[in-house]
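Below is one structure, written out as structure tokens; comments come after it.
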Amino acid sequence: MAPFALNLETAHVETIQVELEPALNGFTSALLIAKETRDPGLHEWIERSRTQMSADEFTRHKLVLIGFFYAASPRGRAPSFPAYLTALEQTSPSVFRQTLLDSYAKIYKGNCTPEERAAPVDWEETLTSRTNYISFLKARFGEDHVEEDVESRAYDYVIDPVAMKQLIVGHMRWFWTNHLESEWTRVRPLLEESVRAFKKVDFREMSRVDAARFITGQELGDSKWEEVLEQAETLTFIPNAHIGPYIHKSHETRSHESLYIYFGARQPDGTGDRIPELDRAEIVSRISALADDTRLQILQMIAERGELRSQEIMEAINLSQPSVSRYLSQLTAAGFLQERRSSTAKVYILNKDRIEKTMKAVSAFLLDRS
């Protein structure tokens, strides 16, 4: 990505929105199930839904949500999940496949020259065989980010668009009826309360970065966040009932002008009237990160030494790099750690303010009852 000057002027209100977005919201919850993540703070509905699926149902769920993510994602802003399903049914098979392939053509996360990035994809060659298709995806996404068993099954549908449409539409209708519909009925009132509360906030004196921090409740210390936030024409923040302390971002399928940012449903800091269910959900998403001996040990070491690099943590507790990275990501997402770059390494510092606020939130929730 070419460097550019960040525009940190205060945000225009019309470019920052907090919306319910039922179709995008539900699709994101479905994606959390498919990714098999068991990070602390995710709502229990994610794991419960996953375990309620048979092996064949879950295999199909992963195939649709991961193998056909770009084809199945809601196009535009459907007013409801059933409306999104209707739009899927009205989409021709060729559009499903073309949307998927066009999206892949725009992605190149590996090291490549500008010429390679601009070169058109030879789809005839790429789709000649399963091996060619998977090799193409690995080149685009990186080998570590391609689930070969999923993409191998996906290939059979990519070369048969009619079957692809039938699979996507049929599965998403099944998922709505058997898993999401009742859950959406339960969480929708809480999500609407979160949206209403944030719509009362005046963002005119905030930069985009400050507005994102205020809405999500996260530090967003990575400079890449600043780039992403400033590049988008509009920012739509979507409170999700299942994502916990984590943040997920996506662009509109056909354009990078609209950026969608999903965050754990919450109320703005400083709001007078509190909603117990939202407060409880936010507290659970935070303190669940503390319910693990290794994560507590990492926090304790950093508290004692002031700051630590990931390599120093690996050596101190004798864990692999992936394990330590996962723990640090979880603690950072919960806000208990802050990270900064020092030369080529990340340095982690205890976020005392977040710890104090979390303890006060627990105390207020349990003890400050009239």
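Bear in mind these aren't lab numbers, they're just calculated from the coordinates by the rules spelled out. Computed from a predicted structure; not experimentally measured. A quick note on method: Cβ atoms are made from the backbone with ideal geometry, for glycine too, and the neighbour counts reach across all protein chains shown.
Results, tabulated for the structure shown:
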{"read-out": "Rg/Rh for region 24-251, where both radii come from Cα atoms and Rh is the Kirkwood radius", "value": "0.97"}
{"read-out": "Value at 222 nm in deg cm²/dmol, rounded to 500, when DSSP H runs of n ≥ 4 in the chain each add -39,500 (n - 2.57)", "value": "-16500 deg cm²/dmol"}
{"read-out": "Ranked 70, 104, 327, criterion: other C-beta atoms within 10 Å, fewest first", "value": "70, 104, 327"}
{"read-out": "Degrees, to the nearest 10: 161-175 long Cα axis against longest axis of the chain", "value": "30"}
{"read-out": "Among 237, 105, 251 the positive-end extreme of the charge dipole of the chain (Cβ point charges)", "value": "237"}
{"read-out": "Ratio Rg/Rh, restricted to region 64-115 and using Cα atoms, in which Rh is the Kirkwood radius", "value": "1.09"}
{"read-out": "Sites matching GluC sites (Glu not before Pro) across region 252-332 that sit in DSSP coil, with at most 16 neighbouring C-beta atoms within 10 Å", "value": "257"}
{"read-out": "Overall dimensions of region 292-367 as given by Cα atoms, namely Rg and Dmax in Å", "value": "13.2, 45"}
{"read-out": "Residue order, fewest to most surrounding Cβ atoms within 10 angstrom, among 258, 29, 363", "value": "363, 258, 29"}
{"read-out": "Student exercise, region 292-367 dipole from Lys, Arg, Asp, Glu Cβ charges, in Debye to nearest 20", "value": "280"}
{"read-out": "Out-of-range pairs (alpha-carbon distance over 26 Å; input 62/109; 106/199; 106/200; 35/199)", "value": "106/199; 106/200; 35/199"}
{"read-out": "Angle between the chain longest axis and helix 293-305 axis [Cα atoms, degrees, rounded to 10]", "value": "50"}
{"read-out": "Choice from 332, 185, 358 showing the highest fluctuation, given a GNM over the chain with Cα pairs closer than 10 Å", "value": "185"}
{"read-out": "Rounded, prolate or oblate (a/c below 1.5 giving rounded, otherwise prolate when a/b exceeds b/c) for region 168-275 by Cα gyration tensor", "value": "oblate"}
{"read-out": "Within region 35-72, backbone nitrogen closer than 15 Å to the virtual label 7 Å beyond the Cα of residue 290 toward Cβ", "value": "41"}
{"read-out": "Three-way shape call for region 242-340 based on the alpha-carbon gyration tensor, with the a/c threshold at 1.5", "value": "oblate"}
{"read-out": "Given charges at beta-carbon only (K, R positive; D, E negative), |dipole| of the chain in Debye", "value": "520"}
{"read-out": "Least to most buried among 106, 224, 346 (fewest other Cβ within 10 Å first)", "value": "224, 106, 346"}
